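Worksheet: one structure, shown below.
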Amino acid sequence: MGDGAVGNRAITMLYVDDVGASRDFYRDIVGLELTLDAGGYCEFAWGNLVLGLRARANARSQYGEVVAPAGAGASHQVTVEVSNVDALVARLAAAGVVALQPPTTQSWGMRSASFRDPDGHVWEVGAPAG
């Protein structure tokens, strides 16, 4: 690329109110591998996705009102492929997470479900049906 990029790592960043609580949710309930924990910021590996969690207060101090306050509602959705949609949704349900969409086999050949994390971010997980 001619843009000066030096690596192939990209991070999807979510602004959260409580990094520790969100870290615990993604590590202990979703089952992701925590790869970096720096207090007000942490990262996870989810397949080829790097998920970064940053304290909303820190992001607002840097970017101002561009960062929505907690409770403003979802403005995006992150979709990832998982090996077993039903197993992940069952693990989430056991922890009290209510699915926005329960595991459903879609007409385009995917089985998918969606849920919200503790900060209201919408996630969709999917796997090939069958």
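Odds and ends about this structure:
- For region 78-124, a crude dipole built from +1 on the beta carbon of Lys and Arg and -1 on the beta carbon of Asp and Glu, taken about the Cα centre, is about 120 debye to the nearest 20.
- 5 angstrom amide H check on Ala129, placed H, neighbours 5+ away: Met110, Arg111
- In sequence order, calculated HN-Hα J values of region 18-32 (Karplus, 6.51, -1.76, 1.60; Hz; x Gly/Pro): 10, 4, x, 5, 5, 4, 4, 4, 5, 7, 8, 9, 6, x, 7
- Charge dipole magnitude, Cβ of K and R +1, D and E -1 - the chain, Cα centre, debye nearest 20: 80 debye
- Here the contact order of the chain, divided by its residue count and restricted to Cα pairs under 8 Å and six or more residues apart, works out to 21 percent.
- Whole-Hz ³J(HN,Hα) from phi, Karplus 6.51 cos²θ - 1.76 cosθ + 1.60, for region 119-128, glycine and proline x: 9, x, 5, 8, 10, 10, 10, x, 8, x
- The calculated FRET efficiency for the pair Ala72 and Val98, based on their C-beta separation and a Förster distance of 22 Å, comes to about 0.65.
- Matching the structure-derived percent of Cα pairs over 22 Å apart against the labelled list (i) 45; (ii) 41; (iii) 34 gives the label (ii).
- Antiparallel %, DSSP beta bridges [both residues in region 11-128], to 5: 65 percent
- Amide H contacts of Leu32 (H built 1.01 Å from N, under 5 Å, at least 5 apart or other chain): Arg27
- Positive-end ranking of Pro69, Ile11, Ala21 along the dipole of region 11-128, with charges on Cβ about the Cα centre, is headed by Pro69.
- HN-Hα J in Hz across region 61-69 - Karplus 6.51, -1.76, 1.60, θ = phi - 60°, x for Gly and Pro: 5, 7, 10, x, 5, 4, 7, 5, x
- Under 5 Å from the amide H of Asp17 lie the amide H atoms of Arg56, each residue being 5 or more positions distant or on a separate chain, with H modelled from the backbone and absent for Pro and chain starts.
- Using alpha-carbon coordinates, inclination of helix 85-94 to the longest axis of the chain, degrees: 70 degrees
- CD proxy at 222 nm, helix term only [per DSSP H run n ≥ 4: -39500 (n - 2.57); per residue of the chain; nearest 500]: -5000 deg cm²/dmol
Readers should treat all values here as calculations from the given coordinates under stated rules, not as data from a laboratory. In this text the structure is predicted, and so the values were computed from the model without any measurement. A quick note on method: Cβ atoms are made from the backbone with ideal geometry, for glycine too, and the neighbour counts reach across all protein chains shown.
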